Amino acid sequence: MTDGFVISMFGALFAVMNPFVNLPIFLGLTEGMQRSDQRRAAIQVVFYTAITCGVVAVGGSAILSFFDISIDAFRVAGGLVLMQIGFHMLNGNESPAHHGSQAEQADNATRDSIAFYPMTFPMLVGPGTITTLILFAGQAKNVANWVAYAICVGLVIGILAVVLYFAGDIGQHLSRTARTIMSRLMGMILLAIAIGMIVAGAKVLLPGLA
């Protein structure tokens, strides 16, 4: 159970938060900054991302309970959100759910700090990430699962920290082709995981389908 839990969660979380796919966005938002300022912004993004992920992981179930939403209903809805994001990644488009509308993107260029908005939210910890964190928190039934949960989140944030801190250097060597291939691959993985979530939730909500 733990091995499958780790593989599924890490795959889903890495696909939706993919640091390499978000790298060009970070470079674009920090264009013109000194290398030291860019790295300071990277540290702030990682800090805000870790805090936001922790809040969602701890408080996600309480939020669902407050609105009287079952985990299976949220699993279906979340699967649809992840599916939409996966389709955008597979087709080489930006998902408005994570990257914002055109008006929001235009407003980003005038902001003094991009660390929390828009980098942390909604680009890194957007609807897809929040859905993934809440759903897998609902599946964590024992201490081993929670340890695995924390390790998955820590690994993804650790990779994010390295990629953003050395964004200037990595950006020079990561070609557009490599980013495109990675985005398409992560989109396919996210679609597969989203379908699994929808099917699992639908079986409970509509027992006849089972």
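Just so it is clear, none of the values below were taken in a lab; they were calculated from the coordinates. These figures come from a predicted structure and were not determined experimentally. Cβ coordinates were reconstructed from backbone atoms using ideal geometry, including for glycine residues, and neighbour counts include every protein chain displayed.
Using Cα springs under 10 Å in a Gaussian network model of the chain, which residue among ILE159, ILE51, ILE198 shows the largest mean-square fluctuation?
ILE51
Taking K and R as +1 and D and E as -1, what net charge do the other residues with C-beta under 13 Å from the C-beta of ALA200 add up to? Before the final figure, lay out the partial values.
Values: positive: ARG75, LYS203; negative: ASP72.
Every neighbour counted, the sum reads +1.
Using the Kyte-Doolittle scale, which helices in the chain average at least 0.5 and also have C-alpha atoms spread 24 Å or more along the helix axis, with helices defined as whole DSSP H runs? Walk me through the intermediate numbers first.
On the way: long enough: 35-66 (45 Å, 0.78); 71-90 (27 Å, 1.30); 143-165 (32 Å, 2.26); 176-205 (43 Å, 1.40).
Those that pass (Cα extent of 24 Å or more, hydropathy at least 0.5) are 35-66, 71-90, 143-165, 176-205.
Using the eigenvalues of the Cα gyration tensor, what equivalent ellipsoid semi-axes result for the chain when each is taken as the square root of five times the eigenvalue, whole Å, largest first? List each step's numbers first, then the result.
Numbers: eigenvalues 178, 65, 55 Å².
Whole-Å semi-axes of the equivalent ellipsoid: 30, 18, 17.
Evaluate the distance, in nm, between pseudo-label points positioned 7 Å from the Cα of MET33 and of ARG184 along their respective Cα→Cβ axes.
3.1 nm
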